[in-house]
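What follows is a single structure, written as structure tokens, with notes after it.
The values are calculated or read from the model by the stated rules, or taken from the named source; none is laboratory data. All of these numbers come straight from a predicted model, not from anything done at the bench. Positions of Cβ are generated from backbone atoms using ideal geometry, with glycine treated the same way; all protein chains shown enter the neighbour counts.
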Amino acid sequence: MLVMHEPDVEQEFLERIVKTSTCWLMIGGGLYPSFRNVHGHVASWLIHYGPIPAGMLVLHKCDIFHCIRPQHLYLGTKSDNAKDAYRRGQMKQERALDGNKFEMARYAHVEIGLTQKQVSQLFNVGVASVGRALNSSKRGRYTKRTKK
């Protein structure tokens, strides 16, 4: 268990923040050695609120990764984190490639040589969807060509 209120730990925490009118920004690296190398926002939570329940993450209300202001942090699940990222435009809604797009995406990668990222941008889907399409055994029509 982590010790939240040792004077040395709190002093280290205070020395590594810059307070702005809105956020407290972490400086000098992203991990706090006194907290077994946890990120600053997690250290802030532990100092100000105590232990984090199993299965929960420390998330940001302000959407500033380096912010460690306790009032800008809240607990949530991985699902909450993904929903927040989508709502803030940080990730695309994962859509699968279907029908002709599936075959066209595989062709674009295998025959034309586009990267998975380029294919994902072409079809407006996530890179993971492209990866699943390329690795799918159900529709394995295309395989990588070998040079002769």
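In this structure, is Gly76 assigned by TED's automatic domain parsing to the domain that holds Trp24, without any contact (Cβ under 8 Å) to a residue 24 or more places away in the chain and of a type outside the set (D, E, K, R)?
Values: assigned by TED's automatic domain parsing to the domain that holds Trp24: yes; without any contact (Cβ under 8 Å) to a residue 24 or more places away in the chain: yes; of a type outside the set (D, E, K, R): yes.
When the stated conditions are applied, Gly76 passes them.
Need the failing condition index for Pro70 against (1) at pLDDT 85 or above; (2) over 18 Å from the mean Cα position of the chain (by Cα); (3) outside the structural domain of Val42 (by TED's automatic domain parsing), just the number.
(3)
Counting only residues that are within 12 Å of His66 (Cα to Cα) and modelled with pLDDT under 60, which one in region 30-44 is surrounded by the most Cβ atoms within 10 Å (Cβ to Cβ)?
Leu31
Of all residues in region 49-91, how many are buried (at least 16 other Cβ atoms within 10 Å of the Cβ) and not in a strand (DSSP E or B)?
Final tally of qualifying residues: 6.
If you go through region 116-137, how many residues are part of a loop (DSSP other than H, G, I, E, B) and surrounded by fewer than 15 Cβ atoms within 10 Å (Cβ to Cβ)? First the steps, then the outcome.
To start, the set of residues in region 116-137 that are part of a loop (DSSP other than H, G, I, E, B) comprises 124-126, 136-137.
Still in the running and surrounded by fewer than 15 Cβ atoms within 10 Å (Cβ to Cβ): 124, 136-137.
Number of matching residues: 3.
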